[in-house]
1. Quick one: if you stick a label point 7 Å off each Cα along the C-beta vector at LYS84 and ARG206, how many nm between them?
2. Looking only at the chain, where both bridge partners belong to it, what percent of the DSSP beta bridges are antiparallel (to the nearest 5)?
3. Can you give the extra length, in nm with one decimal, that the chain gains between ARG273 and GLU413 once fully stretched, where that is 0.36 nm per residue apart less the Cα-Cα distance?
4. Hey, if you put +1 on the Cβ of every Lys and Arg and -1 on every Asp and Glu Cβ in the chain, which of LEU70, ILE266, HIS90 ends up farthest toward the positive end of that dipole?
5. In square nanometres and to one decimal, what's the mean projected area of the convex hull around the Cα atoms of the chain?
6. Choose one answer from GLU375, GLU352, GLU291: the residue with the largest mean-square fluctuation in a GNM of the chain with alpha-carbon springs under 10 Å.
7. Among bridges DSSP assigns within the stretch 310-437, what percent are antiparallel (round to 5)?
8. Mind checking the dipole of the stretch 188-264: about its Cα centre, +1 per Lys or Arg Cβ, -1 per Asp or Glu Cβ, Debye to the nearest 20?
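FYI, it's all coordinate maths here, none of it is from the lab. Quantities reported herein were computed from a predicted structural model and do not represent experimental measurements. Cβ placement follows ideal geometry from the backbone for every residue including glycine, while neighbour counts extend to all protein chains displayed.
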Amino acid sequence: MQKMFDVRAETMDRKEIKELQLERLKHIVAYAYENVKMYKERFDKIGLKPEHIKTLKDIENIPYTTKDDLRDNYPFGLLAVPMKKIVRLHASSGTTGKPVVSGYTKKDLDVWSDCVARVLMMAGATDEDIIQVSFGYGLFTGGFGLHYGIEKLGATVVPVSSGNTERQIMLMKDFGATALVATPSYAMYIAETARKEGVLQDLKLRLAITGAEASTPEMHESLRKILGVFPTENYGLTEVGGPGVAGECSEKCGMHINEDCYYPEIFDIENNRAMHEGEYGEMLLTALTKEGMPILRYRTKDITSLTYEPCKCGRTLARMSRIVGRTDDMLIIRGVNVFPSQIESVLMAMDELGKTYEIIVDRVNYMDSIEVRVEVVDPSLLVDYSKLEGLVAKIKHRLRVVLQLDVKVRLVEPFSIARAEGKVKRVKDLRKLQEKL
Ligand code: DLL
């Protein structure tokens with residue numbers, strides 16, 4: 001059995017987990033109904049009373065909560081306690097409109113840091129690690145969320161925040177960091193820069209704990225090859241509190257959900273149908289313990305599936321699969337559904353290609369087009385016409401097999417595509433710009 005931060009919570013049998021979830025669900029539903037106007041109005045409108053929740057399945061009678069609900073109640077309309085009891089605020093800006101806000105009581109912060117400490121231990125961290133946090137510190141939940149989880153674990157936290165990559169590497173080397181916390185794309189940027197500077201061998205890293213954005217197993221494998229570390233993924237979102245919802249263990253077979261605090265459902269929203277174990281759909285999350293801002297059946301837009309099979313690591317917590325995409329990330333190109341992660345899987349598996357790419361979608365003469373720009377490892381290839389053509393043809397072929405679609409491919413110089421220091425934005429959908437004009 002692997003080391004765990006909270007053996008009891010992480011190894012309950014299914015019956016015990018369900019009993020605890022039901023008890024907490026009943027409580028949080030009544031609490032939200034009594035303390036948050038929006039929930040009371042929603043429940044009253046359909047004649048639902050908290051006491052109607054008698055089984056876990058009854059959760060399906062509760063209306064979803066959406067990002068628009070959070071925006072409509074901006075900034076503090078969904079808080080269930082007076083401001084005096086809120087000791088921290090976080091927010092996520094998203095791409096449009098008002099930010100989404102989350103408020104925490106002291107108890108919420110305590111539960112949150114416990115959940116993050118669990119996720120860190122799942123990733124293989126111990127109280128002996130020196131962990132560099134390269135997530136931004138600020139309203140984003142990543143920096144502070146991981147920070148307090150690391151302290152809870154008893155490891156040493158280096159709160160370097162994001163940006164200034166050369167300095168990050170110097171500190172990592174000088175402080176002997178054994179674990180790096182970052183988005184996968186920023187971890188890759190740090191890794192490539194360390195390689196360019198020739199200092200990889202001076203680093204003592206043994207873990208890369210990544211999260212906050214989508215990444216593929218191929219991206220993890222590339223990270224492992226360059227950094228020589230074991231990458232694991234963790235998941236969370238501002239609306240339900242931040243990181244600490246779920247994390248991978250060293251078995252790397254899905255992310256363990258801290259189910260005593262977060263109740264997951266996978267739903268086919270269009271047909272209002274709960275999906276079976278193993279089926280993919282949108283994940284809804286109910287925060288079972290949050291008192292600052294309770295949230296019921298939040299529509300994450302993240303597409304994943306669940307399994308309840310106990311893991312080899314000894315944990316019994318449900319596991320969510322890697323997020324294949326977001327419902328609002330899915331591109332529809334000439335009627336074909338495309339997830340950026342499908343493209344990433346193809347590119348990352350090719351040794352000739354660098355690890356940075358972008359996807360440009362456009363509409364010319366009413367016809368959608370998609371172009372992938374990707375860096376090559378060896379720039380001399382760009383002036384060798386026959387090699388270049390051969391590689392482009394190979395990439396196009398692989399993309400067509402996966403996407404059933406013709407994709408334009410443009411190979412570019414190493415380090416010519418801008419790097420992100422936080423969450424990367426790989427897709428430029430020019431069609432959206434045209435619609436706005
Ligand atoms: O990204 C919280 C977080 C911070 C998670 C640090 C993990 C580590 P938001 O900024 O609100 O919160 O963004 C949440 O990011 O709905 C997913 O679409 C995406 N996301 C987060 N973690 C993962 C992951 C934080 N491991 C949104 N894989 C979520 C894929 C992820 N997508």
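1. Using points 7 Å along Cα→Cβ, the separation is 4.9 nm.
2. Details: 42 of 66 bridges.
Just about 65 percent of them are antiparallel.
3. Working: separation 140, 0.36 × 140 = 50.40 nm, distance 4.74 nm.
Extra length available between ARG273 and GLU413 comes to 45.7 nm.
4. Of the listed residues, the answer is LEU70.
5. Numbers: hull surface 88.4 nm².
The number I arrive at for the chain is 22.1 nm².
6. Maximum fluctuation in the GNM of the chain, among the listed residues, is at GLU352.
7. Numbers: 12 of 20 bridges.
Once the DSSP bridges in the stretch 310-437 are tallied, antiparallel ones form about 60 percent.
8. Values: 7 positive and 12 negative charges, 90 e Å.
So the magnitude is around 440 debye.
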